[in-house]
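Undergrad: One structure coming up, written as structure tokens, with questions to follow.
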Amino acid sequence: MKKFIISLFLLLILYGCGRITPIDIEQFQKIMTNNNLTTSDITNNYQDSVLIKYAFEAKENDNYVIQFVKATEEENAVTLFNMNKNNVEKQYKYGAYTNGTVSDINSIKFTLKNNDLYFYIIQVDDTLLYASAKKDYEKTIKKIIKELGY
């Protein structure tokens, strides 16, 4: 019995490792405000999509944009992730670039950096975070993503 409890405890610890807690729109807006960004509701841009419950974005002029999407269900968030990843790869995988995809327990992350731009896309449960920035703003994007817990 003692071995069973220890095994169960270790399994629970391992399950928690690598698990990302999804944020909600209030957390997104608060962190954007803390970074002197305002958010706007862009849900109407996707009004024909049955995949999206709501979408918000924060922009810093033409330097970078961060979008937060709540999908109608987790499978739809995965679909949105794949669509965005494929579009970014088709359009921006040129010249000298680095990219990669990493999966975890409840998330999948994609990054691409070329000579001009930096992209970060992550799907966590039924949410999606999409960031694109001019190369000079990569550190800023990474800082904000870290604050978001993504």
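Undergrad: Looking at segment 116-142 only, could you name the residues that are aromatic (F, W, Y) and either surrounded by fewer than 18 Cβ atoms within 10 Å (Cβ to Cβ) or touching a residue at least 60 places away in the same chain (Cβ under 8 Å) (or both)?
TA: Y130, Y137
Undergrad: In the set V65, V78, which member is aliphatic (A, V, I, L, M) and not in a helix (DSSP H, G or I)?
TA: Answer to the selection: V65.
Undergrad: I've got another one for you. Of all the strands (runs of 3 or more DSSP E) wholly in segment 91-147, which have at least 1 residues that are at pLDDT 95 or above?
TA: Here the list reads 107-113, 117-124, 127-134.
Undergrad: Also, quick follow-up: Hey, could you check segment 19-48 for residues that are more than 23 Å from L117 (Cβ to Cβ) and touching a Leu at 6+ places or on another chain (Cβ under 9 Å) and say which is surrounded by the most Cβ atoms within 10 Å (Cβ to Cβ)?
TA: I23
Undergrad: On to the next question. Hey, T72 hits all of (1) under 14 Å from I23 (Cβ atoms); (2) in contact (Cβ under 8 Å) with a residue 40 or more places away in the chain but one; which does it fall short on?
TA: Single failed check for T72: (1).
Undergrad: Which numbered condition in (1) in contact with a strand residue (DSSP E or B) (Cβ under 8 Å, 6 or more places away or on another chain); (2) at pLDDT 95 or above is the only one that Y46 fails?
TA: Every condition holds for Y46 apart from (2).
Undergrad: Also, quick follow-up: Taking N63 and the conditions (1) closer than 18 Å to N44 by Cα; (2) polar (S, T, N, Q); (3) touching a helix residue (DSSP H, G or I) at 6+ places or on another chain (Cβ under 6 Å), which numbered condition does it fall short on, given that it satisfies the others?
TA: (1)
The values are calculated or read from the model by the stated rules, or taken from the named source; none is laboratory data. Given the structure is predicted, the values throughout are model-derived calculations rather than measurements. Glycine gets a Cβ as well: all are built from the backbone with ideal geometry, and neighbour counts include every protein chain shown.
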